[in-house]
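The values are calculated or read from the model by the stated rules, or taken from the named source; none is laboratory data. Computed from a predicted model, the values in this text were never measured in an experiment. Heads up, the Cβs are rebuilt from the backbone with ideal geometry, glycines too, and the neighbour counts pull from every protein chain shown.
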């Protein structure tokens, strides 16, 4: 539990401490309980609570009898007190969500990522889409806390720059964070997509439901988000999670990196669908394999496997076995006990391969951890990275950080 301070000049920090304490207790807290949990004086809690009530960020939620004495008024977060916008820039689709203070999605929109268009044009389209979704959600723009944007790596988070994502053509050295902030007039936070998905799981989980886990992201590309001790792992340059070159099949096809059997090359949706078309397993769903055609192709392969088609079953079984190799490698390295699967394409194949992955992981002779690995699917859905991007904004606004107390000379 974060502790506050009674120094008057640090009221902003105290306000966030109290907000954080209230939001983590679903049934609400009395002022006395807030003071006990934060270490703040009763007067400080009273003053800050009054300010938060006046601003509409918290609300009174009835009374509760706690021992001897008069009933105490319970305070809880008002979900309509603020909103965060999340954007996920994927090579196939751009997704937008609006979250309230409870982390509930109140509006959603997605559109294909345009091809052959400059990043500047895409950013202007993002601006228009953000304004449209604010209107759609019917929220007061003044209550929008900011925009979080999840993008494929590698990124330079200090400068807010998308460096050179391999599947986003033309996005080399794009100052996405500052450009979107200038276009919208809102605070913008940038995060790697797999890390944003991990943040979404952390933010929406309860207590210690999610402490040490990997988020296996299956979208246009493949990546892994990591959490240790209930904190997202970002690494020295905030680009942790590039698992595409873990070797899962030494006799597999040659990867662009020069080695054989890399995870990304082996299970990337576009590659799986392309191989299925080349082998005659499925017909080409369109003239070119864009995001929609890849999705339709995966769905067709999964449907064939479900109907008992041996060739389609082999395709998905091989995929499951390769994923299991990567999961075992990462779980051994970091002593993780859970893997959460998600991403835009995951639900197409999940019913057919999740069970096989779990069995393969936990029966692997290479698994050295002393506990079974739980394999589960994100309950957030296809929009997990966009939701995570919005959660970054909520976390920035509502989670106390002792660094805020540092006074620079």
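Side notes on the structure shown:
- Among the conditions (1) over 26 Å from residue 325 (Cβ atoms); (2) surrounded by fewer than 21 Cβ atoms within 10 Å (Cβ to Cβ); (3) modelled with pLDDT under 95, residue 256 misses just one, which is (1).
- Per the conditions (1) in contact with a helix residue (DSSP H, G or I) (Cβ under 9 Å, 6 or more places away or on another chain); (2) closer than 19 Å to residue 204 by Cβ, the sole criterion not satisfied by residue 79 is (1).
- Looking across the stretch 216-230, the residues that are more than 18 Å from residue 149 (Cβ to Cβ) and in contact with a helix residue (DSSP H, G or I) (Cβ under 8 Å, 6 or more places away or on another chain) come down to 216, 218, 222, 224, 226, 227, 228, 230.
- Residue under evaluation residue 138, criteria (1) buried (at least 16 other Cβ atoms within 10 Å of the Cβ); (2) in contact with a strand residue (DSSP E or B) (Cβ under 9 Å, 6 or more places away or on another chain); (3) closer than 20 Å to residue 393 by Cα, criterion not met: (1)
- Selection status of residue 15, within 29 Å of the chain's Cα centre (by Cα) and either closer than 21 Å to residue 79 by Cα or at pLDDT below 80 (or both): yes
- Subset of the stretch 53-82 (residues that are within 22 Å of residue 138 (Cα to Cα) and surrounded by 14 or more Cβ atoms within 10 Å (Cβ to Cβ)): 53, 57, 58, 59, 77, 78, 79, 80, 81, 82
- Within the stretch 107-124, the residues that satisfy the criterion of being buried (at least 16 other Cβ atoms within 10 Å of the Cβ) and out of contact with any helix residue (DSSP H, G or I) (no Cβ under 6 Å at 6 or more places or on another chain) are 108, 110, 113, 119, 122.
Yes/no per residue for (1) modelled with pLDDT under 95; (2) in a loop (DSSP other than H, G, I, E, B):
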position	(1), (2)
167	yes, yes
170	yes, yes
177	no, no
181	no, no
190	no, no
199	yes, no
206	yes, yes
209	yes, yes
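- Within the stretch 67-99, considering residues that are farther than 30 Å from residue 174 by Cβ, assigned to a strand (DSSP E or B) and modelled with pLDDT of 90 or more, the one nearest to the chain's Cα centre (by Cα): 75
- Index of the failed condition, residue 102 passing every other in (1) crowded, with 17+ Cβ neighbours inside 10 Å; (2) touching a strand residue (DSSP E or B) at 6+ places or on another chain (Cβ under 7 Å): (1)
- Among the residues of the stretch 321-347, the one identified as surrounded by fewer than 22 Cβ atoms within 10 Å (Cβ to Cβ) and under 14 Å from residue 218 (Cα atoms) is 347.
- For the residues 226, 180, 186, 190, the requirement of being in contact with a strand residue (DSSP E or B) (Cβ under 7 Å, 6 or more places away or on another chain), more than 30 Å from residue 143 (Cα to Cα), touching a residue at least 12 places away in the same chain (Cβ under 8 Å) and not assigned by TED's automatic domain parsing to the domain that holds residue 373 singles out 226.
- Lone unmet requirement of (1) at pLDDT below 90; (2) under 30 Å from residue 23 (Cα atoms); (3) not in a helix (DSSP H, G or I) for residue 376: (1)
- Residue count, the stretch 113-165 (criterion: part of a loop (DSSP other than H, G, I, E, B), within 22 Å of the chain's Cα centre (by Cα) and on the phi > 0 side of the Ramachandran plot): 1
- Selection status of residue 354, surrounded by 23 or more Cβ atoms within 10 Å (Cβ to Cβ) and either modelled with pLDDT of 95 or more or under 30 Å from residue 78 (Cβ atoms) (or both): no
- Among residues of the stretch 45-66, those that are over 21 Å from residue 148 (Cβ atoms), touching a helix residue (DSSP H, G or I) at 6+ places or on another chain (Cβ under 9 Å) and not in a helix (DSSP H, G or I), counted: 6
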